[in-house]
1. Any residue that is without any contact (Cβ under 8 Å) to a residue 40 or more places away in the chain and not charged (D, E, K, R) - is there at least one of those in the range B:95-102?
2. Taking the conditions exactly as written (in contact (Cβ under 8 Å) with a residue 40 or more places away in the chain, open to solvent by 10 Å² or more (accessible area, probe 1.4 Å) and among the β-branched types (Val, Ile, Thr)), does B:Thr71 satisfy them or not?
3. Within the range C:63-174, considering only helices (runs of 4 or more DSSP H) that don't extend past its boundaries, which have at least 1 residues that are within 12 Å of chain B (Cβ to nearest Cβ) and modelled with pLDDT of 90 or more?
4. Quick one: which residue in C:Ile124, C:Ile94 is surrounded by fewer than 21 Cβ atoms within 10 Å (Cβ to Cβ) and either of a type in the set (Lys, Arg) or in contact with a Leu (Cβ under 9 Å, 6 or more places away or on another chain) (or both)?
5. Give the residue, chosen from A:Glu175, A:Glu110, that is open to solvent by 40 Å² or more (accessible area, probe 1.4 Å), farther than 30 Å from B:Lys149 by Cα, touching a residue at least 60 places away in the same chain (Cβ under 8 Å) and charged (D, E, K, R).
6. Look at the range B:39-64 and say how many of its residues are free of Cβ contacts under 8 Å to residues at least 60 places away in the same chain and open to solvent by 40 Å² or more (accessible area, probe 1.4 Å).
7. Quick check, is B:Ser193 within 30 Å of A:Leu78 (Cα to Cα), of a type in the set (S, T, N, Q) and within 8 Å of chain A (Cβ to nearest Cβ)?
Amino acid sequence: MSLDTVIYALDLAGIAVFAITGALAAMEKKLDIFGVLVLATITALGGGTIRDILMDKMPPFYFERWEYLVTALCAALLALFMQRALLRLWKPIILFDALGLGLFTVIGAEKALQSGYPFPAVLILAMLTGIGGGMLRDVLRGEIPFVLKKEIYASASLAGALAFYPAWNAPRIPESAAMLLGAGVTVFVRLISVKYKLGLPAVRGE
Amino acid sequence: MSLDTVIYALDLAGIAVFAITGALAAMEKKLDIFGVLVLATITALGGGTIRDILMDKMPPFYFERWEYLVTALCAALLALFMQRALLRLWKPIILFDALGLGLFTVIGAEKALQSGYPFPAVLILAMLTGIGGGMLRDVLRGEIPFVLKKEIYASASLAGALAFYPAWNAPRIPESAAMLLGAGVTVFVRLISVKYKLGLPAVRGE
Amino acid sequence: MSLDTVIYALDLAGIAVFAITGALAAMEKKLDIFGVLVLATITALGGGTIRDILMDKMPPFYFERWEYLVTALCAALLALFMQRALLRLWKPIILFDALGLGLFTVIGAEKALQSGYPFPAVLILAMLTGIGGGMLRDVLRGEIPFVLKKEIYASASLAGALAFYPAWNAPRIPESAAMLLGAGVTVFVRLISVKYKLGLPAVRGE
């Protein structure tokens, strides 16, 4: 299996997971069924779209290929029909969401590096790919983005990108191993912070 | 009158109508006069801007030609000075808003097809053109986008795009007839849903 | 010192000031430390990013050059560690924020004119550069954008752009003088409105 095939499969998995979190978040706000599908799709494809706008890669990847949109919609429909079961599965969902964050972080970093961008751009694009969809989701739900608040989330994405970068540049480490490392660091930091209820200190207001 | 002239006239009409709904929505939130003009303009031009960003057609169409911006501002000023009369006209406004939704939906689909995009991209661009401005309007007002909530709105846009697509591809049907059909379906679905208070089922939250 | 050097220095100063206002606004909402840094960065770089998306100048200027991002982050860290002192300095901050608004307004107008855009596009780009970052900041904080509400803010930006445009086109006036004039008008209008608590009339809701 080539690296591209692996990235492709992981990309679709990340899209499915983020679509499910988007659908569950939309249901909480009692949107109508169509609104749930729209919000799930925006959550799943939004991070990659923001990244590709900044990378000047319009039209977006999901215009020419059906499977991205179909994956997001099928995952959202699954969430609609299995809402109760999914909420009982909350812990697996946190796991999948962490996986999605890790995958999207390294996919964003990988695309930035393939285009020859320097270090700060790699970090920005990795994080925007990872957290952009969730930011759009929460703004459209009328909430302050979860990813900017109490829990370690955006910082888990940054940690993964920081681990990925030197590994990707190291001559001896294959690209797929660097991606595995970056995604693993993000997932690990995110899950540890959930398990031990860790958070960065909130800032005292006035 | 050529097809392009018709599209151009309908485009300006859609911009005027959406600017009025944006201005009325801004007045509800007691923005200052300048804020009303800005929000009305964003509502009127936002959907087309999102579409053109995704279609890689920057700078936007309203940079080179004055009439789009002038139309939006004049409609917003009209709304400012005739607020009371317009609210008495609420039913005509729902009609005009439905017309705007129908027009923008087929204009978005038409531009996508002219650029050779495949079916899913046509649907996405048709809907984003139709509902994008309203989504920006509501986010900037601090509200969950109306188009994602109780009423049939985004789904009316989708219905119009779904009717337009096969008609546009049919060899015997002229383009203008296909556009009329698509816009008509959107307007019909939207107005029927308002008249009979139809909505898609809202989703039960946790 | 060449005109470009002046623009460059003023751009960095504007970024620093807007990052500080973004960080203070984020702290009010009790975001975590990382969220404060992200929101400050989006506030500082958001206006220029929106302008450059519409001008088809992706990837953004801060991808290739570190100093923009570093300036935003250092200013945000300063705000984090000196929150109390900064709030005591509220009046200087209003001054700096007005300076940032003036600088970003003329930088946006200057870039639009250098690209040969016509008058309405110059006004749109000047205002979006000036107020875009603040709009993103407030939407991400779950607030209706400050710039659209009671105080003279977006209109101060417009006033500066309206003063800058004829001066830039006048054969006898050097570019740097035109920029000084435009920024000066914005700062003056903004500060006068704060000092005398002026605002555009709010619009009566239904």
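The values are calculated or read from the model by the stated rules, or taken from the named source; none is laboratory data. Note that the structure is a prediction, hence the values are computed from the model and not measured. Cβ atoms come from the backbone with ideal geometry, glycine included; neighbour counts cover every protein chain shown. Protein only, heavy atoms only, side chains kept; ligands, DNA and RNA dropped before computing areas. Shrake-Rupley method; radii C 1.70, N 1.55, O 1.52, S 1.80 Å.
1. Let us first name the residues in the range B:95-102 that are without any contact (Cβ under 8 Å) to a residue 40 or more places away in the chain, namely none.
The answer is no, given that none of the residues of the range B:95-102 is without any contact (Cβ under 8 Å) to a residue 40 or more places away in the chain and not charged (D, E, K, R).
2. Details: in contact (Cβ under 8 Å) with a residue 40 or more places away in the chain: yes; open to solvent by 10 Å² or more (accessible area, probe 1.4 Å): yes; among the β-branched types (Val, Ile, Thr): yes.
Yes.
3. Values: elements: C:66-81, C:83-88, C:90-114, C:119-140, C:154-169.
Hits in the range C:63-174: C:90-114, C:119-140, C:154-169.
4. Numbers: C:Ile124 fails: surrounded by fewer than 21 Cβ atoms within 10 Å (Cβ to Cβ).
After ruling out the rest, the residue left standing is C:Ile94.
5. On the way: A:Glu110 fails: open to solvent by 40 Å² or more (accessible area, probe 1.4 Å).
Just a single option satisfies the conditions, and that option is A:Glu175.
6. Step one: of the range B:39-64, the residues free of Cβ contacts under 8 Å to residues at least 60 places away in the same chain are B:40-41, B:52-53, B:56-64.
Pick out the ones that are also open to solvent by 40 Å² or more (accessible area, probe 1.4 Å) and you get B:56-57, B:59, B:61, B:64.
Selection size over the range B:39-64: 5.
7. Values: within 30 Å of A:Leu78 (Cα to Cα): yes; of a type in the set (S, T, N, Q): yes; within 8 Å of chain A (Cβ to nearest Cβ): no.
So B:Ser193 fails the test.
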